[in-house]
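Everything on this sheet refers to the single structure shown next.
Every read-out reported here was derived from the displayed coordinates using simple, explicitly stated rules and does not represent laboratory data. Keep in mind the model is a prediction, meaning the values are calculated, not measured. Because the Cβ atoms are built from the backbone with ideal geometry, glycine has one as well, and the counts that use them run over all protein chains shown.
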């Protein structure tokens, strides 16, 4: 589903693929994140079984992100940083309101 915003000049569409890409880059930029749990590709997006799942309700997004954390870091603190970074990045880059970012710490990389 595409997020459509009407303006005086026409319509603006933000694809879920764009939201997923922004979320991926924001999450991987956080110290302590070793990677995502799984691959982001067309098939995972279609099946909604990849490491990042976007649910759009009207023009508001909710995300679920599965991450791997590095050994020796505080997983809860890293997850909170990911939540903040992903929400701020999506909202500033796309203009899409983010209601919530659920971060699942799926594994630890030693």
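Observations, loosely collected:
- Mean ellipticity per residue at 222 nm, deg cm²/dmol - from DSSP H runs of n ≥ 4 across the chain, formula -39500 (n - 2.57): -11000 deg cm²/dmol
- Taking the DSSP beta bridges with both ends in the chain, the antiparallel portion is around 60 percent.
- Kirkwood Rh, angstrom, the chain [1 / mean 1/r, Cα pairs]: 14.2 Å
- Angle between the chain longest axis and helix 75-94 axis [Cα atoms, degrees, rounded to 10]: 20 degrees
- Stokes-Einstein translational diffusion, the range 1-44 - Kirkwood Rh over all Cα pairs, 0.692 mPa s, 37 °C, in µm²/s: 262 µm²/s
- Between 0 and 90°, nearest 10: helix 16-28 axis offset from the chain longest Cα axis: 30 degrees
- Placing pseudo-labels 7 Å out from each Cα toward the beta carbon at residue 59 and residue 43 gives an inter-label distance of 3.6 nm.
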